[in-house]
Amino acid sequence: MGRRVRDFLVDRRVRLSVVICLLVVGLNLALGQLPHAFYNYRDPVAIMGLLSLVAGLALRSWAAGILLKGKALTTIGPYGMCRHPLYLGTTLIVTGIAIIFPGFINSLPALAALALIFGLTIRREEQRMANKYGTAWDAYAARTPRIVPRLPETFLQGWSVAQWRRSREYNALLAATALLISFAVWSELVR
């Protein structure tokens with residue numbers, strides 16, 4: 001893949017993630033797939049989707065509340081579990097949305113596109129981090145898995161509401177809440 005294409009995808013990863021999520025929803029709607037009633041505690045698929053979405057939001061909020069972007073190498077909290085908890089959180093959110101729709105298989109191409117974008121982003125970010133932090137990055141990367149987390153020694157060390165707000169992570173929380181409310185209203189209107 002050419003550098004210009006890679007940079008285009010990486011630089012627009014947030015917008016593309018939103019578009020991919022909307023495509024997952026749109027495709028399932030076009031195919032006549034109604035979402036599970038995620039609030040129905042008797043529907044295990046709906047609960048699994050909701051749990052994945054909430055876990056992703058929680059992980060993103062935790063990571064955004066700790067990350068000192070551009071100021072220091074963050075190695076505590078979720079960054080002590082894996083090097084890219086924000087991308088893991090987003091993956092959990094999109095997977096949860098895909099699960100809430102009964103056409104999960106229809107969502108696999110969108111999830112694959114998201115994996116490609118995140119893979120390219122991670123590679124570029126890790127190159128930049130290695131250049132900026134040198135041996136400190138090398139030591140961190142050697143002891144911390146890239147995506148699949150390991151158990152942390154501490155959970156909330158270094159997390160703050162102020163940092164969470166500066167990272168504007170509330171946008172993900174608001175968007176997911178609006179999406180869930182619209183799913184609930186829509187499910188009730190269609191039934």
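For the range 20-36, enumerate the residues that are surrounded by 14 or more Cβ atoms within 10 Å (Cβ to Cβ) and in a helix (DSSP H, G or I). Of everything in the range 20-36, those that are surrounded by 14 or more Cβ atoms within 10 Å (Cβ to Cβ) and in a helix (DSSP H, G or I) turn out to be I20, C21, L23, V24, V25, L27, N28, L29.
How about the range 62-75: which of its residues are touching a Ser or Thr at 6+ places or on another chain (Cβ under 9 Å) and modelled with pLDDT of 90 or more? Within the range 62-75, A63, A64, G65, I66, L67, T75 meet the criteria. Within the span defined as the range 52-67, every residue fails to be within 17 Å of S167 (Cα to Cα), out of contact with any helix residue (DSSP H, G or I) (no Cβ under 8 Å at 6 or more places or on another chain) and outside any helix (DSSP H, G or I).
Among the residues of this structure, A136 does not count as one that is in a helix (DSSP H, G or I), within 18 Å of the chain's Cα centre (by Cα) and touching a residue at least 60 places away in the same chain (Cβ under 8 Å). When the range 1-17 is filtered for residues that are in a helix (DSSP H, G or I), of a type in the set (A, V, I, L, M, F, W, C) and either surrounded by 16 or more Cβ atoms within 10 Å (Cβ to Cβ) or in contact (Cβ under 8 Å) with a residue 12 or more places away in the chain (or both), the ones remaining, listed by number, are L9, V10, L16.
Selection of the range 37-54 for residues being aliphatic (A, V, I, L, M) and either surrounded by 15 or more Cβ atoms within 10 Å (Cβ to Cβ) or free of Cβ contacts under 8 Å to residues at least 24 places away in the same chain (or both) yields A37, V45, A46, I47, M48, L50, L53, V54. Suppose the filter is surrounded by 19 or more Cβ atoms within 10 Å (Cβ to Cβ) and modelled with pLDDT of 85 or more; does L86 pass it? Judged against the criteria, L86 is a match.
Take the conditions (1) outside any helix (DSSP H, G or I); (2) among the hydrophobic types (A, V, I, L, M, F, W, C); (3) without any contact (Cβ under 8 Å) to a residue 60 or more places away in the chain; (4) under 18 Å from F118 (Cα atoms); C82 misses just one of them, which is (3).
The values are calculated or read from the model by the stated rules, or taken from the named source; none is laboratory data. As the structure is a prediction and not an experimental result, all values here were calculated from the model. No Cβ is skipped: glycine too gets one built from the backbone with ideal geometry, and neighbour counts run over all protein chains shown.
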